[in-house]
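Inspection log for the structure reproduced underneath, given as structure tokens.
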Amino acid sequence: MKFLEPSLLAFDKEKIEDQLNDVKNAGAKYIHYDVMDGKFVPNKALGTEYIKLINKLDMKVCVHVMVYKVLKYFKEFSKFKIYSFSFHPEACKNIKQALKIMQIIKNAGILAGIVINPDTSCIAYEELIKAADMVTVMGVFPGKCGQKFIPNSIENLKFVKNIKDTYNKKIIITLDGGVRESIIKDTKKYVDHFVSGSFLTSAKNKQAIFDLVK
């Protein structure tokens with residue numbers, strides 16, 4: 001079964017509880033939770049302040065950190081109930097360190113994920129992809145909402161799907177960035193979870209988007 005993760009980053013923080021209820025009523029089981037340190041990417045966003053609210057509404061929190069100090073952030077977020085914790089391998093010194101962080105995440109009973117940017121070499125991180133519970137392929141460069149999908153991201157999706165089919169069928173493949181109706185249709189055979197921000201929040205019929213993903 002496929003799922004849509006509404007991106008909290010695109011929500012109006014003055015109406016966040018109402019918007020969370022809206023997407024839950026439309027069918028949301030997961031919420032995508034972006035965290036930025038202002039260094040790994042230029043912008044800063046989200047601490048742990050909304051996690052309890054999402055938990056209270058009975059939706060799972062998928063944390064995506066765009067930070068350099070991955071373990072520091074994980075220790076803070078692991079104090080809360082989260083479903084997954086995904087990071088960018090470029091934030092680590094080497095693959096060995098990234099694998100160690102992934103194991104720490106798994107040992108906490110949380111799904112460990114890595115994030116592949118449009119210009120990230122999947123081949124360079126093949127070992128990490130095989131070991132991950134979740135692999136997020138970015139359809140845009142991370143850091144802000146509303147960007148257009150970068151077409152060569154589909155090649156990264158194909159690479160990760162091949163790894164999943166060959167080595168680890170439990171991998172959850174997520175597409176994040178530039179997701180809209182045509183992209184969902186074009187990539188559905190590769191993707192398990194779609195992350196949607198401005199496309200979903202601006203849609204009059206949110207239920208139709210959730211139905212499209214199923």
Worksheet item: For the chain, with the dipole built from +1 on Lys and Arg beta-carbon atoms and -1 on Asp and Glu ones, taken about the Cα centre, which of Ile54, Ala112, Ile184 lies farthest toward the positive end?
Response: Ala112
Worksheet item: Once the Cβ-Cβ distance between Glu155 and Lys39 is put in as r, and R0 is 30 Å, what FRET efficiency do you end up with, to the nearest 0.05?
Response: 0.55
Worksheet item: If you wrap a convex hull around the Cα atoms of the range 1-150, how much volume per residue is inside, in Å³?
Response: 121 Å³
Practice prompt. Please report, as a whole percent, how much of the solvent-accessible surface of the range 9-59 comes from carbon and sulfur atoms (probe radius 1.4 Å).
Written response: 41 percent
Worksheet item: If you build a Gaussian network model of the chain, linking Cα atoms that sit under 10 Å apart, which residue out of Ala124, Ala45, Ala112 swings the most?
Response: Ala124
Discussion item. Under a Cβ-only charge scheme (Lys and Arg +1, Asp and Glu -1), can you give me the dipole magnitude of the chain about the Cα centre, in debye to the nearest 20?
Written reply: 440 debye
Discussion item. With every protein chain kept in place and ligands, DNA and RNA left out, what is the accessible area per residue of the chain? Probe 1.4 Å, answer in Å².
Written reply: 48 Å²
Discussion item. Could you report the accessible area of Ser182 in Å², rounded to 10, computed with a 1.4 Å probe on the protein chains as they sit in the structure?
Written reply: 50 Å²
Worksheet item: If each of Asn168 and Glu14 carries a label point 7 Å out from its Cα toward its Cβ, how far apart are those two points in nm?
Response: 4.4 nm
Fill in: Sequence-distant residues sharing a close amide H with Leu4 (under 5 Å, placed H)
Lys29, Phe194
Worksheet item: When the accessible area of the range 69-114 is computed with all protein chains present and a 1.4 Å probe, what percentage of it is carbon and sulfur?
Response: 54 percent
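The values are calculated or read from the model by the stated rules, or taken from the named source; none is laboratory data. Because the structure is predicted, anything quoted here is derived from the model rather than measured. Because the Cβ atoms are built from the backbone with ideal geometry, glycine has one as well, and the counts that use them run over all protein chains shown. In case anyone asks, the SASA skips ligands and DNA or RNA and just uses the protein heavy atoms, side chains included. Shrake-Rupley method; radii C 1.70, N 1.55, O 1.52, S 1.80 Å.
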